[in-house]
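One structure is given here, and the rest of the page talks about it.
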Amino acid sequence: MAKPKVILTRRWSEAAEARLLELFDVSLNESDKPFSPGHLQDALRNYDAVLPTVTDAITAEVLSAEPLRAKILGNFGVGFNHIDLQAAKARGITVTNTPDVLTDCTADIAMALMLAVARRIGEGERIVRAGHWKGWRPNQMLGVKITGKTLGLIGFGRIGLAVAKKAHCGFDMPVIFYTPHPPLPAICEKLGAIPCDSIEAVLREADFVSLHCPGSKANRHLINAERLALMKPSAFLINTARGDVVDNEALIQALKNQAIAGAGLDVFEGEPNINPGFLELENAVLVPHLGSATVETRNAMGMRVIDNLIAFFNGEVPRDKVI
């Protein structure tokens with residue numbers, strides 16, 4: 001029996017690609033450049049499984065490809081707002097993702113951004129690299145400590161819970177949060193986490209606001225000018241969720257006007273095309289979507305996609321089926 005034909009839209013880890021090549025008839029993206037919409041449509045026409053990433057916009061138009069051969073989209077990532085799920089479902093395409101395996105690393109990035117923006121790490125490195133550092137002095141680049149400060153979380157799923165644990169247990173941070181689906185009270189008590197009845201309540205009280213809500217039409221610009229205005233002037237915004245959860249133009253204005261103290265961003269609207277206004281700001285730490293970027297996690301993500309493919313082509317329900 002012929003092996004199912006599978007195509008990767010980007011390069012994976014060596015180990016994950018090797019396992020995929022053993023099990024399926026695989027086409028790799030040797031150039032590792034994003035697929036165009038036309039290329040994605042060709043993939044849907046010619047392969048049994050297409051394995052996209054967050055860089056691939058799987059729109060209704062892309063999914064209208066005829067004749068359609070693809071039966072499954074094995075998404076390399078936990079977020080799937082780049083896939084039109086309604087259109088995929090209408091065409092009978094299964095969609096899977098890769099939860100769990102990137103939780104800790106994404107939480108680590110959130111903590112790293114908190115520390116970096118509060119302690120002005122980006123500014124400090126730029127000064128050293130430019131040769132402008134003249135030695136230690138008492139008032140040099142004073143930041144603020146994070147220990148003991150109140151952390152506010154918007155979204156309290158797997159990653160939000162992991163951030164709460166690291167912040168509360170590692171930095172003695174009181175935690176407040178808003179989510180439509182709060183965890184059990186015992187979990188909240190263990191993490192020192194107190195639920196709030198609105199996003200606004202979190203924004204008013206928190207010293208650090210960290211976003212952990214999914215990207216979706218409903219969450220687009222969830223953090224807008226009006227909500228940014230509720231934050232303390234001394235507060236910091238951290239985003240490791242999705243870029244369009246924040247109105248980036250409103251955030252730039254808030255940072256320019258020092259309406260908030262700073263921001264640590266791993267994701268951006270329209271990435272990799274970043275609003276140039278961010279590049280002028282010393283009170284913003286900017287990193288290129290590194291949330292899950294560790295050797296261990298990226299390898300585990302690939303293996304999780306493969307496990308889902310194996311189950312699907314064996315006639316079983318994949319563990320991480322989204323639709």
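Summary of computed values
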| quantity | calculated |
| --- | --- |
| Filter pass, ILE274 being buried (at least 16 other Cβ atoms within 10 Å of the Cβ) and more than 21 Å from the chain's Cα centre (by Cα) | no |
| Which listed residue, of ASN314, ASN308, ASN257, ASN275, is at pLDDT 95 or above and within 16 Å of PRO99 (Cα to Cα) | ASN308 |
| Condition check for ALA88: assigned by TED's automatic domain parsing to the domain that holds LEU51, part of a helix (DSSP H, G or I), modelled with pLDDT of 95 or more and crowded, with 17+ Cβ neighbours inside 10 Å | yes |
| Every residue from the range 153-201 that is of a type in the set (D, E, K, R) and on the phi < 0 side of the Ramachandran plot | ARG158, LYS165, LYS166, GLU189, LYS190, ASP197, GLU200 |
| Enumeration of residues in the range 53-76 that are at pLDDT 95 or above and not hydrophobic (A, V, I, L, M, F, W, C) | THR53, ASP56, THR59, GLU61, SER64, GLU66, PRO67, ARG69, LYS71, GLY74, ASN75 |
| Those residues of the range 248-265 which are over 19 Å from ASP207 (Cα atoms) and under 16 Å from the mean Cα position of the chain (by Cα), in sequence order | ASN248 |
| Of all residues in the range 91-112 being assigned to a helix (DSSP H, G or I) and among the polar types (S, T, N, Q), the one that is surrounded by the most Cβ atoms within 10 Å (Cβ to Cβ) | THR106 |
| Subset of the range 172-194 [surrounded by fewer than 17 Cβ atoms within 10 Å (Cβ to Cβ) and hydrophobic (A, V, I, L, M, F, W, C)] | LEU184, ALA186, ILE187, ILE194 |
| Among residues of the range 135-160, those that are assigned to a helix (DSSP H, G or I) and surrounded by fewer than 20 Cβ atoms within 10 Å (Cβ to Cβ), counted | 1 |
| Whichever residue in the range 19-52 is surrounded by fewer than 17 Cβ atoms within 10 Å (Cβ to Cβ) and among the hydroxyl-bearing types (Ser, Thr, Tyr) and, among such residues, is nearest to the chain's Cα centre (by Cα) | SER36 |
| Close pairs (7 angstrom Cβ cut-off, 6 or more residues apart or separate chains): within 7 Å of LEU8 (Cβ to Cβ) and outside the structural domain of LEU51 (by TED's automatic domain parsing) in the range 18-30, surrounded by 18 or more Cβ atoms within 10 Å (Cβ to Cβ) and of a type in the set (Lys, Arg) anywhere | none |
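The values are calculated or read from the model by the stated rules, or taken from the named source; none is laboratory data. Remember, it's a predicted structure, so these values are computed and weren't measured experimentally. Cβ atoms come from the backbone with ideal geometry, glycine included; neighbour counts cover every protein chain shown.
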